[in-house]
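J.: Please see the structure below; I have some questions.
Each value in this text was obtained by applying a stated rule to the coordinates, not by laboratory testing. Being a predicted model, the structure only gives us computed values, none of them experimental. Please note: Cβ atoms are built from the backbone with ideal geometry, for glycine as well, and neighbour counts cover all protein chains shown.
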Amino acid sequence: MCGIIGYVGEKECTPILIEGLRKLEYRGYDSAGVAVLETDSQGTRTQVIRCRGKLSNLENLLRKDQPSGLVGIGHTRWATHGRPSDENAHPHKAGQVSVIHNGIIENHLSLRNQLRADGRVFSSETDTEIIAHLIDEELKKSGGDNLREAVRRALKQVRGAYAICVLAESAPDQIIAAKNASPLVLGLGDGENFIASDVPAILAHTRKMLFLEEGEIADVRKTGIEVCDLEGKRIERAPKEITWSAVSAEKEGYKHFMFKEIHEQARAVTDTLRGRLSVESADAFLDDVDLAVADTKKITIVACGTSWHAGLVGKFLIEQLSRIPVEVDLASEYRYREPIIGKGDLLLSISQSGETADTLAAVKEARQKGARTICIANVVDSSIPRASHASLYTHAGPEIGVASTKAFTTQLAALTLVAIHLGRRTGHLSEAKASELIKELLLIPSKMSDIVGLAPQIQVIARRYGQARDFLFLGRGNNYPIALEGALKLKEISYIHAEGYPSGEMKHGPIALIDVHMPVVVLAPKGPGYDKVMSNLAEVKAREGKIIAVATRGDKDIGTVADEAILIPDAPSFLQPLLTVLPLQLLAYYVADFKGTDIDQPRNLAKSVTVE
Ligand code: F6R
């Protein structure tokens with residue numbers, strides 16, 4: 001989720017790059033940098049200036065030493081491979097080639113080894129530097145005069161997601177841009193052209209934009225742009241006129257960041273699974289994270305809020321697939337009850353921000369008592385990863401809306417990877433079952449996109465029930481944490497009182513609340529426990545409660561009891577939480593939108609809670 005900008009034209013490019021990066025800082029802010037081609041009578045040199053931290057740090061450096069040139073690229077980073085540091089900041093230079101990149105290269109380890117064997121020396125931990133070396137190598141092979149061709153050949157060796165901009169000293173008038181599964185847009189100007197990861201970065205200069213598609217390469221010069229595919233075949237496509245305002249462009253046309261982030265979930269989950277699953281070997285790989293499975297007797301999950309809900313789903317997954325016992329604790333409670341944990345135990349913390357004070361304190365406590373501490377986090381090198389033995393990162397990208405959405409589903413995806421990994425190693429998950437589950441997991445992102453398409457129906461339901469004073473959310477098994485999450489989302493952004501309950505517990509108390517004024521949201525996908533949930537629904541119906549059901553497409557019975565049925569694609573029960581939560585996020589969003597609350601910054605809440 002890094003920000004990218006490129007300029008080629010007749011103006012000094014550094015101020016244009018910095019202005020663009022300022023508009024992109026919301027995409028990532030752990031380091032920033034620029035590379036500018038400086039050309040004079042002696043030839044062309046690349047000036048690369050980059051540093052860790054916010055864009056203001058880079059601006060301070062540039063005040064002392066501003067590169068001067070008409071062709072340049074700029075980057076603001078959200079770390080995925082390699083912690084935030086000066087060395088890992090983009091652009092990365094290899095030989096005469098400089099590269100900025102947004103995305104994740106799946107085969108980075110094998111490419112790095114191969115390049116090392118060829119004598120290449122690396123100065124960063126990033127997957128991006130590999131691309132720079134590959135292109136420099138190809139450029140050398142071809143005599144150095146065809147940058148576009150060198151990029152094309154290099155990209156043929158790369159697997160994964162990328163949006164890149166490439167400069168070379170032997171090609172002082174051009175930038176080569178390429179895209180696969182990460183966004184990239186070209187802005188067409190008069191005697192100048194622009195490249196950006198997002199429209200807002202270049203909207204002040206042009207509204208004529210050409211969106212690159214998967215596997216396309218653009219040769220960008222001040223006089224024009226040529227696009228071809230990875231086979232070198234020319235592609236002709238007319239640019240579009242963008243009519244968005246600057247503010248709505250930042251949200252890519254969505255009304256709120258939360259709504260944009262709900263829509264980003266298919267992409268975020270794909271990125272989190274990318275390169276970590278193999279159907280052939282029926283296994284899940286956790287980067288370099290060693291769970292020390294043979295020594296692990298018990299796992300304790302600690303987290304807060306939405307991340308705690310992910311932990312509850314994680315317990316279900318890990319216990320079922322690996323048979324290792326799992327406890328789930330609220331981090332804010334954990335260390336005040338003298339937790340029983342020590343050598344041979346694994347503490348798995350979950351945190352989007354990596355900064356939540358309660359979770360951090362729990363990690364420190366467990367580590368001090370001798371437990372192995374692993375975290376699932378979104379923000380690379382934040383406090384919790386730094387305090388842990390190892391970290392498995394979700395690749396959700398920056399989450400701006402205070403109410404967590406894509407961070408939650410990527411946490412579920414990461415926990416599924418952990419559960420498969422453990423299950424294969426404890427021997428409880430057979431090869432056949434693992435490979436079946438992995439195949440189904442890889443189908444989840446497209447099913448998520450399908451569910452987001454139900455937004456108009458959910459908007460109508462939100463209007464119909466959004467005046468209620470209270471809501472009840474019910475779910476069973478691994479959908480019980482989703483009921484809790486649905487209730488939390490509604491409370492946070494619409495300020496309506498809501499409670500999540502295991503459906504089977506309803507008759508032990510909450511049933512007293514049910515009357516004609518109480519909407520009851522029930523998670524009732526097909527699977528184990530479905531019949532029991534249907535009986536619970538009959539109990540609600542008998543008390544005139546209004547039932548909003550999230551059920552499986554094709555379910556003929558649900559319509560006979562539910563007042564509203566949101567029908568979603570089928571999935572194995574292990575994976576259902578990745579889908580059932582989406583309608584609840586949308587319901588909360590539309591109720592809040594209808595009420596006119598401040599959705600992205602709800603009252604009294606903060607994105608990362610750094611006080612205990
Ligand atoms: C809810 C929400 C919070 C966070 C909680 C933990 O939408 O965002 O409940 O989940 O504050 O935050 P992290 O995951 O950053 O530790």
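J.: In nm, to one decimal, how far is the modelled label at T243 from the one at A181, with both set 7 Å along Cα→Cβ?
T.: 3.5 nm
J.: Okay, next question. How high is the FRET efficiency from D470 to K369, r the C-beta distance, R0 30 Å, rounded to 0.05?
T.: Calculated value: 0.15.
J.: Still on this structure, I have one more. Along each of its three principal axes, how wide is the spread of alpha-carbon positions in region 160-233, in whole angstrom units, largest first?
T.: 31, 28, 21
J.: Under a point-charge model restricted to the Cβ atoms of Lys and Arg (+1) and Asp and Glu (-1), what is the dipole moment magnitude of the chain relative to its Cα centre, in debye to the nearest 20? Mind showing how you got there, number by number?
T.: Values: 73 positive and 79 negative charges, 147 e Å.
In total the dipole reaches around 700 debye.
J.: Please list log₁₀ I(q)/I(0) at q = 0.12 Å⁻¹ for region 255-444, using the Debye equation with identical point scatterers on the alpha-carbon positions.
T.: Here the Debye-derived log intensity ratios amount to -0.53.
J.: Let me ask you something else. How much length, in nm to one decimal, is gained on full extension between H517 and Q157, taken as 0.36 nm per residue of separation minus their Cα-Cα distance? Walk me through the numbers before you get to the answer.
T.: Working: separation 360, 0.36 × 360 = 129.60 nm, distance 6.03 nm.
Contour length minus the Cα-Cα distance gives 123.6 nm.
J.: A204 to R45: extension gain in nm, 0.36 nm per residue of separation minus the Cα-Cα distance?
T.: Length difference between fully extended and current span is 54.4 nm.
J.: As I understand it, the value is the acute angle between the Cα axis of helix 406-426 and the longest principal axis of the Cα atoms of the chain; what does it come to in degrees, rounded to 10?
T.: 80 degrees
J.: Do any GluC sites (Glu not before Pro) in region 531-593 lie in a DSSP loop with no more than 14 other beta carbon atoms within 10 Å, and if so, which?
T.: Working: sites: E539, E544, E564; in loops: E544.
Those that pass, being in a loop and sparsely packed, are E544.
J.: Here is a further query. Within the set K179/K255; K260/K433; K447/K489, which residue pairs have Cα atoms separated by over 23 Å?
T.: From K179/K255; K260/K433; K447/K489, over 23 Å: K179/K255; K260/K433.
J.: Now for a different question. Taking K140 as the anchor, which aspartates and glutamates have their alpha carbon closer than 15 Å to its alpha carbon, excluding any fewer than eight residues away along the same chain?
T.: Candidates past the 8-residue exclusion: D118, E149, E169.
J.: Based on the Kirkwood radius over alpha-carbon pairs, what is the Stokes-Einstein translational diffusion coefficient of region 364-462 at 10 °C with 1.306 mPa s viscosity, in µm²/s?
T.: The Stokes-Einstein estimate is 98 µm²/s.
J.: About its Cα centre, what dipole magnitude does region 255-444 give when the only charges are +1 on Lys and Arg Cβ and -1 on Asp and Glu Cβ, stated in debye to the nearest 20?
T.: 160 debye
J.: Quick one: the Cα spread of the chain along its three principal axes, in angstroms, biggest first?
T.: 86, 54, 45
J.: For the chain, what is the mean residue ellipticity at 222 nm derived from helices alone (per DSSP H run of n ≥ 4: -39500 (n - 2.57); sum divided by total residues; nearest 500 deg cm²/dmol)?
T.: Values: 19 runs with 220 residues, N = 612.
Calculated mean residue ellipticity at 222 nm is -11000 deg cm²/dmol.
J.: Sticking with this structure for a sec: Using the Cα atoms as the points, what is the convex hull volume per residue of region 19-126 in Å³?
T.: Value for region 19-126: 106 Å³ per residue.
J.: Indicate the gyration tensor shape class of region 207-261 (rounded, prolate or oblate), computed on the Cα atoms with a ≥ b ≥ c the square roots of the eigenvalues: a/c under 1.5 is rounded; otherwise a/b larger than b/c is prolate and the rest oblate.
T.: Verdict is prolate for region 207-261.
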